[in-house]
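The values are calculated or read from the model by the stated rules, or taken from the named source; none is laboratory data. If you're wondering where the values come from, they're calculated on a predicted model, not measured in any experiment. Note that we place each Cβ from the backbone using ideal geometry, even for glycine, and neighbour counts take in every protein chain shown.
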Amino acid sequence: MKIAVLPGDGIGVEIVAEAVKVLRALDLKFEMEEALVGGAAYEAHGHPLPESTLKLAKEADAVLFGAVGDWKYDKLERKLRPEQAILGLRKELGLFANFRPAICYEQLTHASSLKPELVAGLDILIIRELTGDIYFGQPRGRREAPDGAFAGQPEAFDTMRYTRPEIERIAHVAFQAARKRNRKVTSVDKANVLETFQFWKDVVTEVHAQYPDVELEHMYVDNAAMQLVRAPKKFDVIVTGNMFGDILSDEAAMLTGSIGMLPSASLNERKQGLYEPSHGSAPDIAGQGVANPLATILSAAMMLRYSLDQEEAARRIEAAVKDVLAQNLRTADIYSEGTTKVGTKEMGDAVVARLKAQ
Ligand code: NAI
Ligand code: MG
């Protein structure tokens, strides 16, 4: 098992070090190799995603990624900006399935945007298709409106489209992920209005025939947006297209406590994946040793589950994280009165200690 470790910039360096520490505390044999990415790679090699880093990522079974970016790079031309490294990795590795879990830990329910009883014990997984849909469909552009009441007026247009194989592969990913969870998939569409999403619904239904042990329901996206704040615990796995998934996953993030707790993953057809916290490089707190490493540690757990076939180890890490919260240890972003404030390193050490005590 080979892991490419790409800490990146800002707090990326601090939080990835903790996740690596946690991985090393497991009794598993990993080969871990570190490389520069983002602003750090630009400084050293003049490019945010150097050839050597890309090569390492391609050869590895999984990439553990911190975060990239800093305000000081805002004036660079677009292709040299740190954030381009993530887009480059997604494209080069063909990462089409984005996993965004929304988990609300018991001790952090007060930090949710919703009433505690609605989110206590919440554990859902949003799977967003990442490479198709209206974000990439051609043609797109500006022109004179060719017809209609506003013919001749300036207009802009985009194209929503999905091919059958693109829908099939994301549907397989969703049904297989549901098998590792509670065996229920909600496919979110807008089939009542959009041809693209009628097709989506038809293809997902076809693929479902291969997964009779998983329950499938279809839901319109407007209803899904409503249900996510009305009764989020009714969901298990949500699978949807690029645009709906973009919006719903941000909505779901607000159901949980802090951005410092949210892991994410992007996978390709070979189950190679990029695992990273949902947050950025937080230049405002970088270098202070106060960042929350748990999103990255939980991303490492997802890596074990989805790319490395180590379900048992993944659960051990997740249990250890629950334990440290139960011990009332908190980094500043999740701190509340009556709990113990700890720094990045102490939080990582506490997770390792819980792992060893299991
Ligand atoms: P951000 O997520 O870095 O920070 C937003 C706020 O959340 C800040 O106040 C930060 O201190 C706090 N925060 C984030 N992660 C935290 C953690 N683990 N523990 C405690 N507090 C945490 O988003 P922002 O400020 O919009 O962007 C900063 C830089 O990060 C920019 O250069 C941006 O482009 C980049 N970025 C990179 C991403 C990536 O590498 N995948 C994703 C999002 C932003
Ligand atoms: Mg978004």
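Has segment 347-356 got at least one residue that is in a helix (DSSP H, G or I) and more than 23 Å from residue 27 (Cβ to Cβ)? No, that holds for no residue. Would you point out which residue out of 291, 320 is within 16 Å of ligand 1 (Cβ to nearest atom), among the aliphatic types (A, V, I, L, M), in contact (Cβ under 8 Å) with a residue 24 or more places away in the chain and surrounded by 22 or more Cβ atoms within 10 Å (Cβ to Cβ)? Step by step, each of 291, 320 is checked, and only 291 is within 16 Å of ligand 1 (Cβ to nearest atom), among the aliphatic types (A, V, I, L, M), in contact (Cβ under 8 Å) with a residue 24 or more places away in the chain and surrounded by 22 or more Cβ atoms within 10 Å (Cβ to Cβ). Residue 272 meets the conditions (1) within 16 Å of ligand 1 (Cβ to nearest atom); (2) in the same structural domain as residue 85 (by TED's automatic domain parsing) in every case but one. The failed one is (1). Cβ-Cβ contacts under 8 Å between residues 6 or more apart (or on different chains), taken from a first residue in segment 270-283 that is within 16 Å of ligand 2 (Cβ to nearest atom) to a second residue that is assigned to a loop (DSSP other than H, G, I, E, B) and of a type outside the set (A, V, I, L, M), are listed as 280/10; 280/69. Would you confirm, using the coordinates I've provided, whether residue 286 is within 16 Å of ligand 1 (Cβ to nearest atom), assigned to a helix (DSSP H, G or I) and farther than 29 Å from residue 162 by Cα? So residue 286 does not fit the description; no. Scanning segment 270-323 for residues that are touching a Lys or Arg at 6+ places or on another chain (Cβ under 8 Å), within 18 Å of residue 57 (Cβ to Cβ) and at pLDDT below 95 gives a single hit, 306. Taking the residues in segment 216-249 that are assigned to a loop (DSSP other than H, G, I, E, B) and either among the basic types (Lys, Arg) or closer than 15 Å to residue 123 by Cβ (or both) as candidates, determine which candidate is farthest from ligand 1 (Cβ to nearest atom). Applying the filter and picking the extreme gives 231.
The combined condition, being closer than 28 Å to residue 227 by Cα and either within 15 Å of ligand 1 (Cβ to nearest atom) or touching an Asp or Glu at 6+ places or on another chain (Cβ under 8 Å) (or both), is fulfilled by residue 259. Of the residues making up segment 157-174, just one is hydroxyl-bearing (Ser, Thr, Tyr) and over 16 Å from residue 190 (Cβ atoms), namely 163. Among the residues of segment 220-252, those that are hydrophobic (A, V, I, L, M, F, W, C) and buried (at least 20 other Cβ atoms within 10 Å of the Cβ) comprise 221, 224, 228, 235, 237, 238, 239, 244, 248, 252. The listed residues are 265, 252, and the only one of them that is more than 10 Å from ligand 1 (Cβ to nearest atom), in a helix (DSSP H, G or I) and either under 29 Å from residue 72 (Cα atoms) or not hydroxyl-bearing (Ser, Thr, Tyr) (or both) turns out to be 252.
Here residue 169 meets the list (1) among the charged types (D, E, K, R); (2) under 20 Å from residue 305 (Cβ atoms); (3) in a loop (DSSP other than H, G, I, E, B) almost entirely, failing just condition (3).
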